[in-house]
Protein chains: 2
Amino acid sequence: MEPQEIMRAYKEKIEGCLREFFEQKKKALEHWSSREACEILEEYTLRGGKRIRAILMVLGYQLYGGSGDEIFRASSSLELIQSYLLIHDDIMDESDLRRGKKTVHKIYEDIHLKKGFGGRPHRFGENMGIILGDLANAYAMEILASSNFPSERKVKAIEKLNEIIEYTGYGQIIDIYSGMVQEFGEDDLLLLHKYKTARYTIEGPLVLGAILAGASPEGLENYAIPVGIAFQLQDDILGLFGSEEKLGKPVTSDLAEGKKTLLIIKALEKASEKERKVIESALGNPAVTLEQLERVREIVRKTGSLDYSRKLAEKLVSEGKRALNALNVKNQEAKDFLLWLADYMIKRSY
Amino acid sequence: MEPQEIMRAYKEKIEGCLREFFEQKKKALEHWSSREACEILEEYTLRGGKRIRAILMVLGYQLYGGSGDEIFRASSSLELIQSYLLIHDDIMDESDLRRGKKTVHKIYEDIHLKKGFGGRPHRFGENMGIILGDLANAYAMEILASSNFPSERKVKAIEKLNEIIEYTGYGQIIDIYSGMVQEFGEDDLLLLHKYKTARYTIEGPLVLGAILAGASPEGLENYAIPVGIAFQLQDDILGLFGSEEKLGKPVTSDLAEGKKTLLIIKALEKASEKERKVIESALGNPAVTLEQLERVREIVRKTGSLDYSRKLAEKLVSEGKRALNALNVKNQEAKDFLLWLADYMIKRSY
């Protein structure tokens, strides 16, 4: 199959597994409030997304000779981990919307308002959001632990999955501090990208699949980590230079959030005193204007910072592809997909 | 060993395992902010507590013939699950103190204030608290998955542990709704106690230990669930009738929080119109006075509601002990401990 076809077909299978899981789950629940929670989680998890992490877990499995459909069920656990982390992220960012619909804490906040409960709707919403995130994590572990693979492999996979979650947490902490401490440089940033994107989105899922295939995927991280970091660099480029239409959020969002991307860090290094002030007055400013954005873009271009990020991303993708080509793997189609994916990471425009 | 001696000796061993785990963990971390998080988790987890869940997991293991020290390491995972849930609970309740020291979100809030970071200290604190709770959960899963037991047993234990966490979550949701919806009766309450206390604190830990001993502990829940519910009923009695000294919190706390305990539910059922108003004006009133408390206590006594709760707790303990005596178990000392524990549940004054 062609890569785009794999993306489409696997996404459908994974979503089928999630639907089946929620059907079973809802049947077993005794209390109306547990069913309500489960239904909210189901809708939130199934409302969209490319399912890239679950797809990569399937491909990691196939890459090392695994076959059959049980891997789709096991891999769907990553989509519940994604819900877990996103629901908690939504609370931290105080976002009301996720994929164009209400976030979990907002859904509960609105239930509170509608029913006219006592107490504070916002607190109620956030509390329910914390619990539903935790529930999604428990569901994910259940799915993986109950999948039909040898126990030795499942134990290793569960260890790896929790290590991924752990490092995503460390990444999130670095991310939060990044906007606050002065001494936040390129090294901190690359560690953040490694933890929060490369391990969580690319390396982790591939290794999980390999583990369930019974393999020790040595060398796979030499593909996955650089490609994952390149993915994040491209994300940051699109975040500053993309269009609102393709981003699905205001073009000023990244600036307003105060995200210290490599683009910003490098531009600040090379900028004149005056230019630095332009960037600093835009960064983390919730009221940042389109005119300010244009001036920041200009400085990022002029200082060579945009080129630096682009070239680093390209270098990382080449490095990743070279490492993958050097690996001894068992499935050419899966390998071709990953080579395509590496290029796609920096070619995509959304 | 005598029960009290078991409590003391096992607690010490479990805390030793936790200390060792954190020592190893801290060594492996690359970023200062990850180490900071890990140290805060270590202090929070080790600052006290009876370790009753971990101790029960060890006893469940011994009850079915398990021996050796590895079970202490595996059981220490439950203390990290306890940190996970308590850290998130502290956020939900907006508590600044836990066991006489600052809660995790409060620790970070104070770091924010001290360092003079931008943004809101309270939001920063809660966000870090959410992440550190999630980290504690990942640590717990790692400990259990990496313990030295056969993989089949570990997979079953991980499934069970996540089921326990799942039902604790449902219990927490029922608990939050309990203060809000009118139609909250004895049935809802007993389901809440079953999920949030009996399964989480008694049944879950015992079954986890039994699973690691390779047993299918059928019938064990007939001891664990009734005794667990009795434990909660006694907790609620102490919460209304205890002394500040023994409770370690104001005697009006449960009333001020609006906790709909069985004591309150039954008293409301039997109370006169006037008495009902006394209870309703005290329940969930953050400014409730000691005089109001005394009047509520009087009504709870007079309506027979205190007797009802006490007798139900006693009945449940007898039921549990009878079920345990009917079980075919392999370790008399562990069995004796559990028989002692059942009585202790309703005899304790704190």
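The values are calculated or read from the model by the stated rules, or taken from the named source; none is laboratory data. Just so it is clear, the structure is predicted and the values come from calculations on it, not from any experiment. Glycine gets a Cβ as well: all are built from the backbone with ideal geometry, and neighbour counts include every protein chain shown.
Within the range B:25-70, the set of residues being in contact (Cβ under 8 Å) with a residue 60 or more places away in the chain and of a type in the set (Ser, Thr, Tyr) comprises B:Tyr44, B:Thr45, B:Tyr61, B:Tyr64. Right, A:Tyr61: assigned to a helix (DSSP H, G or I), under 18 Å from the mean Cα position of the chain (by Cα) and not hydrophobic (A, V, I, L, M, F, W, C) or not? So A:Tyr61 fails the test. Figure legend. Inter-residue proximity from the range B:236-249: first residues over 23 Å from B:Lys101 (Cα atoms), second residues among the β-branched types (Val, Ile, Thr) and not in a loop (DSSP other than H, G, I, E, B), beta-carbon distance below 7 Å, spacing 6+ or different chains. Indicated pairs: B:Leu240/B:Val300.
Being under 20 Å from the mean Cα position of the chain (by Cα) and not charged (D, E, K, R) is the filter here, so list the residues in the range A:247-262 that pass it. Residues satisfying the conditions are A:Leu247, A:Gly248, A:Pro250, A:Val251, A:Ser253, A:Leu255, A:Gly258, A:Thr261, A:Leu262. Identify, from the list A:Leu212, A:Leu220, the residue that is modelled with pLDDT of 95 or more, under 26 Å from A:Tyr84 (Cβ atoms), within 14 Å of chain B (Cβ to nearest Cβ) and crowded, with 21+ Cβ neighbours inside 10 Å. Only one candidate qualifies: A:Leu212.
Residue check: A:Ile158 meets all listed conditions (1) assigned to a helix (DSSP H, G or I); (2) free of Cβ contacts under 8 Å to residues at least 40 places away in the same chain; (3) facing another protein chain (nearest Cβ under 10 Å); (4) under 30 Å from A:Val296 (Cβ atoms) but one, namely (4).
Given the criteria more than 10 Å from chain B (Cβ to nearest Cβ), on the phi < 0 side of the Ramachandran plot and in contact (Cβ under 8 Å) with a residue 24 or more places away in the chain, does A:Asp90 qualify?
Here the answer is yes, as A:Asp90 does meet what is asked.
For A:Glu23, the conditions (1) within 18 Å of A:Leu85 (Cβ to Cβ); (2) away from chain B (no Cβ under 14 Å); (3) in a helix (DSSP H, G or I) are fulfilled apart from (1).
Results for (1) at pLDDT 95 or above; (2) under 30 Å from A:Gly118 (Cα atoms), shown as yes or no for each residue.
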{"position": "B:Pro286", "(1), (2)": "no, yes"}
{"position": "B:Thr303", "(1), (2)": "yes, yes"}
{"position": "B:Leu312", "(1), (2)": "yes, no"}
{"position": "B:Ala326", "(1), (2)": "yes, no"}
{"position": "B:Phe337", "(1), (2)": "yes, no"}
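For the range A:164-177, a residue qualifies if it is charged (D, E, K, R) and within 7 Å of chain B (Cβ to nearest Cβ), and exactly one does: A:Glu166. A:Val181 meets the stated requirement of being among the β-branched types (Val, Ile, Thr) and more than 7 Å from every other protein chain (Cβ to nearest Cβ). Checking A:Ser95, A:Ser67, A:Ser83 one by one, the residue that is farther than 30 Å from A:Asn328 by Cβ, among the hydroxyl-bearing types (Ser, Thr, Tyr) and out of contact with any Leu (no Cβ under 9 Å at 6 or more places or on another chain) is A:Ser95 and no other. Can you tell me which of (1) part of a helix (DSSP H, G or I); (2) at the interface with chain B (Cβ under 7 Å from one of its Cβ atoms) is the one A:Arg153 doesn't meet? With (1) part of a helix (DSSP H, G or I); (2) at the interface with chain B (Cβ under 7 Å from one of its Cβ atoms) applied to A:Arg153, the lone miss is (2).
Hey, does the range B:38-56 have a residue that's crowded, with 22+ Cβ neighbours inside 10 Å and farther than 30 Å from B:Met128 by Cα? Scanning the range B:38-56, I find at least one residue that is crowded, with 22+ Cβ neighbours inside 10 Å and farther than 30 Å from B:Met128 by Cα, so the answer is yes.
Of the residues making up the range B:102-131, those that are at pLDDT below 95 and either away from chain A (no Cβ under 12 Å) or in contact with a Gly (Cβ under 9 Å, 6 or more places away or on another chain) (or both) are B:Phe117, B:Gly118, B:Gly119. Go through the range A:81-106 and count every residue that is in a helix (DSSP H, G or I) and closer than 23 Å to B:His122 by Cβ. Number satisfying all stated conditions: 12.
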